[in-house]
Every structure is written in structure tokens, then in C-alpha cells.
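Here's the structure, in C-alpha cells; my notes come after.
The values are calculated or read from the model by the stated rules, or taken from the named source; none is laboratory data. None of these values were measured; they are calculated from a predicted model. Here the Cβ is made from the backbone with ideal geometry for all residues, glycine too, and neighbour counts use every protein chain on show. Side chains are part of the model used for accessible areas, which takes the heavy atoms of the whole protein and leaves out ligands, DNA and RNA. Shrake-Rupley method; radii C 1.70, N 1.55, O 1.52, S 1.80 Å.
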Amino acid sequence: MSRIGRLPVVIPAGVTVNVSPDNVVTVKGAKGELTLKVNKNISVAIVDAEKGQEVVVTRPNDDKENRAMHGLYRKLIANMVEGVTKGYQIGLIVNGVGYKVSKQGKKLVLNVGYSHPVEIEETDGITLECPNEKEAPVGIDGAKVSILVKGIDKEKVGQFAANIRAVRIPDPYHVYGIRYADEVVVRKEGKKNSK
């Protein structure tokens, strides 16, 4: 039995979960609504437990493919429940001489060492913030977060943050570029002068 798959997903107050006959799971909460098409081999059921309602994911047999999907779909449903209640956010740190980030309407404008500013527009379900210096959260190394990517879909938030990071990947010599707030960039030693 999958250690992750066998755990039930507790449905908190204010969240409704529906499973359609064609195995589409819909989760509604305070922050929005998410849907997921579940593989036909995996069954999803809503049961009444002692503490409230729970989502239980089961598989028909121990085939390799079914074992792999069992834990995956349980975790995806748990992420959907967390997304519509708390939401997700990823912080990005912009580091470099003269590097600047600003928000103009729904666009994020990055000046990160190119001859032109790079503009990234918010998509549906994703909001971008540039917190000011005093309110900005702090990254793993004490640097202030420059960009916050927020949303209810964990996959979309992660992909959007990765797209922003790809504009200027951190340099291993000076750590210039865009990196995640919890990312540790392995520094490389520069060339030594041989005299």
C-alpha cells in the first residue's frame, strides 16, 4: 500500500469537494475553484469520518502503474484543498549591480542586465507582487525577496516562478541573477593569478 496514497485528505470547513461520475474532482474554497481529471483506474470517494468529511483515494490492484498513480493523485487532491484554503506563494530574489524590478499595472518589468527591460504579464490565476523593502520577506541567506508569485494552483505558481527565474539564471561566480528565496547557489572560485 502506498504510504502517501492511503492517507485520507481531510476536508476543512468552508471547502466543498465533488467527484463526478467520469472521475473529475472539483474543489471549491474561499480562494477559488480547481478541477482535476483522475485516471479511470484510481477511484476517489468522499467519506464521513469522526472529525468530518475526508477524501479517500484507492487503487484496484498492485500493478506498477496503479501504485505510482495512487500516491500522485492523493497528493494532487491534497494540494488542491490547500490551494483553495491558504494559496501558494514563491519568493524570488533579484541580485545584481543595477538590477531593478517594478510592477506596472499587471506587468512585471525586469531590468536585469539586458539592453532592454523584460516584461512579464500576469496570467489567469497568478498574481505578482513586488513588496517594498520594509515589508519584504527574507530569503534563506538573509536577502530581501524582490518578487512574490501567488496563486491557488501549485503547479502553475511553480511554473510561472521558474519562467521568471529563467530570464536571468543565477551566475555561480557573483550570484548575480534571479533565484528562489530558498535556493542555495553553489559558488565557484574565480581564476587565480599565477605569478
Around Ile126, which amide H atoms from residues at least 5 apart in sequence, or from another chain, sit under 5 Å from its own amide H, with H modelled in the peptide plane?
none
The stretch 1-139, relative contact order [Cα under 8 Å, separation at least 6], %:
20 percent
For Cα Rg over 2.2 N^0.38 Å, which listed value, (1) 1.02; (2) 1.09; (3) 1.31, comes from the coordinates shown?
(3)
Report in % the part of the accessible area of the stretch 24-144 that belongs to carbon and sulfur, leaving out ligands and nucleic acids; probe 1.4 Å.
48 percent
Per-residue counts of other Cβ atoms within 10 Å, averaged by peptide: what ranking do you get for 122-133, 23-34, 80-91, highest first?
80-91, 23-34, 122-133
Let me check I've understood the local charge: for Pro170, count other residues with C-beta under 15 angstrom from its C-beta, Lys and Arg +1, Asp and Glu -1. What total comes out?
+1
Would you mind checking the tilt of helix 154-165 against the longest principal axis of the Cα atoms of the chain, expressed as 0 to 90 degrees and rounded to 10?
10 degrees
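Size of the dipole of the stretch 136-192 about the Cα centre, Lys and Arg at +1 and Asp and Glu at -1 on the beta carbon, nothing else charged, in debye to 20?
That gives a dipole near 220 debye.
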Out of the chymotrypsin sites (Phe, Trp or Tyr not before Pro) in the stretch 134-178, which ones are loop residues according to DSSP with at most 12 other C-beta atoms within 10 Å?
Tyr173
For each pair in Lys28/Lys154; Lys100/Lys156; Lys100/Lys191; Lys106/Lys150; Lys31/Lys144; Lys31/Lys154, compute the distance between the two Cα atoms and list the pairs where it is over 18 Å.
Lys100/Lys156; Lys100/Lys191; Lys31/Lys144
Mean Cα-pair separation over length for the stretch 71-195, i.e. relative contact order, pairs under 8 Å, 6 or more apart, %:
29 percent
For the chain, the per residue accessible area (1.4 Å probe, Å²) is 62 Å²
Cross-link reach list, aspartates and glutamates versus Lys37, counting only Cα pairs under 16 Å and skipping chain neighbours closer than eight places
Asp22, Asp153, Glu155
The chain: angle of helix 64-85 to the longest principal axis, Cα-based, in degrees nearest 10
70 degrees
